[in-house]
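*Asks:* Pasting in a structure now, in structure tokens, and then I'll have a few things to ask.
The values are calculated or read from the model by the stated rules, or taken from the named source; none is laboratory data. These numbers come from a predicted model, not from an experiment. Here the Cβ positions follow ideal geometry from the backbone for every residue, glycine too, while neighbour counts run over all protein chains shown. SASA here: full protein model, heavy atoms, side chains in, ligands and nucleic acids out. Shrake-Rupley method; radii C 1.70, N 1.55, O 1.52, S 1.80 Å.
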Amino acid sequence: MLKPGSTIGILGGGQLGRMLAIEGARLGYRCVGYAPEGDNVAAEVCADFFVARWDDTAALAAFAAQCDAITYEFENVPLSVFDTLPVEPVFPPRKALEVAQDRLAEKRFVEGLGGRPALHAAIDSRADLDDAVERIGTPGILKTRREGYDGKGQWRIASAHDAESVQLSGGPAIYEGFVDFGAEFSVILVRGQDGDVRFWESARNVHRDGILATSSLPAGEAIAGQVEETHALAKLVADALDYVGVLTLEFFATTNGPVFNEMAPRVHNSGHWTIEGAVTSQFANHMRAVAGLPLGDTATVAETVTMTNLIGKDSASAQTLLGEPDTHLHLYGKKQARAGRKMGHVTRLTRRTGSGQS
Ligand code: AMP
């Protein structure tokens, strides 16, 4: 168990790191960040922040020298960083990052534990794509295996004709059959150093242009009926990885049951509602797990919750929301509001009756 005043290192400097560092500070820890040059919005709330490349061994050594434990907020941290870092422990474990960095590896890993991904095929050449389109059919989605996020690195393929005209980037890719889903949801769990596992309630996620737009509770029947099965699968995944921290698995709810989409070895955008909507947020419980503290209660404290992402220019007038009851605005402090960029989020709650609201 890390003593108060110990230092937790966070690799990555985005909004997830920012929200982790805020919770780390509340628990009495110093948080020190590390990320390459960029709009590192976590730096404003960290006790210290290193801006250096992932291959800068001297900077990594100086960062690690300050840390009693290290975590990450970004799944594309190169694995070579973990070979360089002299400090143990790193949570979640390296193996989780290794699996989650590759869309094919994560599908195989979860499939090996009984999960059901969409029909898919590895694409390394034009011939692979032609074969996959013939075998799996259209519509489908071609995705880069590595480094895609928020719909980036994805191309919808409506017909075999589309497949002929798509430009292959050269890197490894995956072709997935389009899943006819009724709803999308994620399973977010936290696993402590003692193996204790807790789940937050699964919200209904709505994406626009491949980017999460809203997460809301209650999630509805289609999702509620698939939660038990996906919890069991997510626990198997976490146990198999000897996981410590928050782990997210995303699913499509279909009439034939849950279809696994992808996993993230970190806190997740679809869990931002837990800051106000749960007894203990995903950020607080992640830091508790990394520090070896007992996990907090993950129960939902509201009747209904809606988390809405503020994307691109949506954030411009967000401060007008500050006067609304039980509406919680989070702005990440990003300097430029580019299209498709997550600038902040708003969580609106309605409380259970008798919970002290007048
Ligand atoms: P991903 O980056 O894989 O999470 O994809 C982003 C979003 O695109 C998902 O949350 C879905 O809304 C949509 N999507 C991705 N893959 C598929 C699929 N195989 N079938 C249907 N929709 C998909």
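*Asks:* Considering only residues that are farther than 18 Å from Ala224 by Cβ, among the polar types (S, T, N, Q) and within 16 Å of the ligand (Cβ to nearest atom), which ones fall in the stretch 267-280?
*Replies:* Selection gives Asn269 alone.
*Asks:* Cβ contacts < 8 Å: first residue under 11 Å from Val110 (Cα atoms), restricted to the stretch 235-255; second residue hydroxyl-bearing (Ser, Thr, Tyr) and buried (at least 22 other Cβ atoms within 10 Å of the Cβ), any location; separation 6+ or different chain. Result?
*Replies:* Qualifying pairs under 8 Å: Val237/Tyr243; Leu249/Ser186; Leu249/Thr230.
*Asks:* Next up: Among the residues of the stretch 260-274, write down those that are surrounded by fewer than 23 Cβ atoms within 10 Å (Cβ to Cβ) and in contact with a Lys or Arg (Cβ under 8 Å, 6 or more places away or on another chain).
*Replies:* If the condition is that a residue be surrounded by fewer than 23 Cβ atoms within 10 Å (Cβ to Cβ) and in contact with a Lys or Arg (Cβ under 8 Å, 6 or more places away or on another chain), then Glu262, Asn269 are the ones that fit.
*Asks:* While we're looking at this one, here's another question. So Thr308 ticks every box in (1) on the phi > 0 side of the Ramachandran plot; (2) crowded, with 20+ Cβ neighbours inside 10 Å; (3) not aliphatic (A, V, I, L, M) but one. Which box is left unticked?
*Replies:* Only one criterion in (1) on the phi > 0 side of the Ramachandran plot; (2) crowded, with 20+ Cβ neighbours inside 10 Å; (3) not aliphatic (A, V, I, L, M) is unmet by Thr308, namely (1).
*Asks:* Is it true that some residue in the stretch 281-300 is in contact with a helix residue (DSSP H, G or I) (Cβ under 9 Å, 6 or more places away or on another chain), under 21 Å from Glu221 (Cα atoms), at pLDDT 95 or above and within 16 Å of the ligand (Cβ to nearest atom)?
*Replies:* Within the stretch 281-300, none of the residues are in contact with a helix residue (DSSP H, G or I) (Cβ under 9 Å, 6 or more places away or on another chain), under 21 Å from Glu221 (Cα atoms), at pLDDT 95 or above and within 16 Å of the ligand (Cβ to nearest atom).
*Asks:* Inside the stretch 188-222, can you point out the residues that are of a type in the set (Val, Ile, Thr) and away from the ligand (no atom under 14 Å from the Cβ)?
*Replies:* Kept after step one, since they are of a type in the set (Val, Ile, Thr), are these residues of the stretch 188-222: 188, 190, 197, 206, 211, 214.
Of everything in the stretch 188-222, those that are of a type in the set (Val, Ile, Thr) and away from the ligand (no atom under 14 Å from the Cβ) turn out to be Ile188, Val190, Val197.
*Asks:* Among the residues of the stretch 159-180, is any over 20 Å from Val133 (Cα atoms), in contact with an Asp or Glu (Cβ under 9 Å, 6 or more places away or on another chain) and surrounded by 14 or more Cβ atoms within 10 Å (Cβ to Cβ)? Break it down into steps so the answer makes sense when it comes.
*Replies:* Going through the stretch 159-180, the residues over 20 Å from Val133 (Cα atoms) turn out to be none.
Looking through the stretch 159-180, none of the residues is over 20 Å from Val133 (Cα atoms), in contact with an Asp or Glu (Cβ under 9 Å, 6 or more places away or on another chain) and surrounded by 14 or more Cβ atoms within 10 Å (Cβ to Cβ).
*Asks:* Exactly one condition in (1) open to solvent by 30 Å² or more (accessible area, probe 1.4 Å); (2) among the charged types (D, E, K, R); (3) within 19 Å of Thr214 (Cβ to Cβ) is not met by Glu250; state its number.
*Replies:* The number of the failed condition is (1).
Matching residues to (1) more than 24 Å from Asp196 (Cβ to Cβ); (2) more than 19 Å from the chain's Cα centre (by Cα); (3) in the same structural domain as Arg341 (by TED's automatic domain parsing):
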residue	(1), (2), (3)
Met287	no, no, yes
Gly292	no, yes, yes
Glu303	yes, yes, yes
Leu322	yes, yes, yes
Asp326	yes, yes, yes
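*Asks:* Among the residues of the stretch 239-266, what is the count of those that are more than 16 Å from the ligand (Cβ to nearest atom) and under 23 Å from Met343 (Cβ atoms)? It would help to see each step written out before you state the result.
*Replies:* Filtering the stretch 239-266 down to residues more than 16 Å from the ligand (Cβ to nearest atom) leaves 239-246.
Of the ones still in play, those that are also under 23 Å from Met343 (Cβ atoms) are 246.
Looking only at that region, the number is 1.
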